[in-house]
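Since every read-out is calculated from the coordinates, none of them should be taken as a lab result. This structure is a prediction, so every number in the text was calculated from the model and none was measured. All Cβ positions, glycine included, derive from the backbone under ideal geometry; neighbour counts span all protein chains shown.
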Amino acid sequence: MSQVAVDFEKGAAAPSPYVPKMARLLEAEQMTETERFFRVALEGEPLRYEPGQFVSCMVFGIGESPISICSSPTQGDAFELTVRSVGMVTNALKKFGKGDRLGIRGPFGNHFDYSAMKGQDVLFVAGGLGLAPTRSLIRYVLDNRQDYGKVTILFGAREPKWLLFRQEVEEWTKRKDIDTRVTVDRGDASWKGNVGVITRLFRQIEVDPTRTYAVIVGPPIMFKFTVLEALAEGIPEHRIICSLERHMKCGVGKCGHCQIRGIYVCREGPVFTYEQVKKLREGI
């Protein structure tokens, strides 16, 4: 164990956003070739977070990486993460299993405004790994289903093998109180569902723009065209919600790694309305 971890064990950790808390993996499961699911619990008091926030995961001796929380705070004291193996830290996490320990900083950032959405219809559009942060709000809404209007979930991936939370998504498709539709860009011999980009699913649904919030999370190219579909449906810019992916470091707006035109995504985001994103893009 590194000296940093030893110091934590001795109780040297101060109540600082820069100092991780020790956590233990309760579950670990490989979901795809590159994504691994973890259920995590802090050693001590539970993590208090809101849907849409993220944490920084530390592998001692290697570094840390920001990871979106993919669970809802309505579901107990543990929290869940979906980690894609793309760098030193996340590749190290790929080898972690049940019982292993890591450091956690956070939670950081703002969150999805689920209170503003109460009594309204909610349209979720998630592409690929974008389902992870979106799932935090989906599960919150489903756990408080009576507080929301029509709930629609559109989920897409490149191929069937890249679909996340397949069993859970299948359960969503069977529910009568929500409308869940899934598509893949390219099918295989076993795939019997929709084939095509996720924007095609808009042709299968009906949207009341006067009472709908669209929550759109996915890769930039998907976000671009999905926003155009939402706007074409008449959904106002301030009711189109996204979660931006940036290379976070400190999580508290000090290092500047995630800065966009003076806005620190780790602190003022990662959740923004399209109205806000548009201003960032235009440099206003």
Taking the dipole of the chain about the Cα centre (Lys, Arg +1; Asp, Glu -1; charges at Cβ), the one of LEU244, LEU42, GLN259 that reaches farthest to the positive side is GLN259
Lysines whose Cα lies under 21 Å from that of LYS279, excluding same-chain neighbours fewer than 8 positions away:
LYS224
Report the extension gain between GLN75 and ASP143 in nm, rounded to one decimal, defined as 0.36 nm multiplied by the number of residues separating them, less their alpha carbon distance.
23.6 nm
Starting from the coordinates of the alpha-carbon atoms of the range 176-284, obtain the Kirkwood hydrodynamic radius over all distinct pairs and give the value in Å to one decimal.
15.8
Select from GLY156, GLY187, GLY44 the residue whose mean-square fluctuation is largest in a Gaussian network model of the chain (Cα-Cα springs shorter than 10 Å).
GLY44
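Add -39500 (n - 2.57) for each DSSP H run of 4 or more in the chain, then divide by its residues: what number comes out at 222 nm, to the nearest 500 deg cm²/dmol? It would help to have the intermediate numbers written out before the result.
Details: 7 runs with 61 residues, N = 284.
After summing the helix terms and dividing by residue count, I get -6000 deg cm²/dmol.
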Could you name the lysines whose alpha carbon sits less than 29 Å from that of LYS21, not counting residues in the same chain fewer than 8 places away?
LYS10, LYS94, LYS95, LYS98, LYS249, LYS254
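For the chain, give the magnitude of the charge dipole about the Cα centre (Cβ charges: +1 Lys/Arg, -1 Asp/Glu; no others), in debye to the nearest 20.
Charge dipole, the chain, about its Cα centre: 420 debye, nearest 20.
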Given the Cα-Cα distance of VAL197 and LYS254 and 0.36 nm per residue of separation, how much length would full extension add, in nm?
16.7 nm
With Cα springs under 10 Å, the Gaussian network model of the chain assigns the largest mean-square fluctuation among SER136, SER243, SER85 to SER85
Springs between alpha-carbon atoms under 10 Å, Gaussian network over the chain: tell me which of ILE153, ILE67, ILE205 tops the mean-square fluctuations.
ILE205
Tell me the angle of helix 131-143 to the major Cα principal axis of the chain, expressed in degrees between 0 and 90 and rounded to the nearest ten.
80
Proximal lysines relative to LYS118, as straight alpha-carbon distance under 20 Å, when same-chain residues fewer than 8 apart are discounted:
LYS150, LYS176
Short version: what are the Cα gyration tensor semi-axes of the chain, square root of 5 times each eigenvalue, largest first, in whole Å?
32, 22, 18
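How high is the FRET efficiency between ASP185 and ARG24 when r is their beta carbon distance and R₀ equals 30 Å, given to the nearest 0.05?
After rounding to 0.05, the efficiency reads 0.20.
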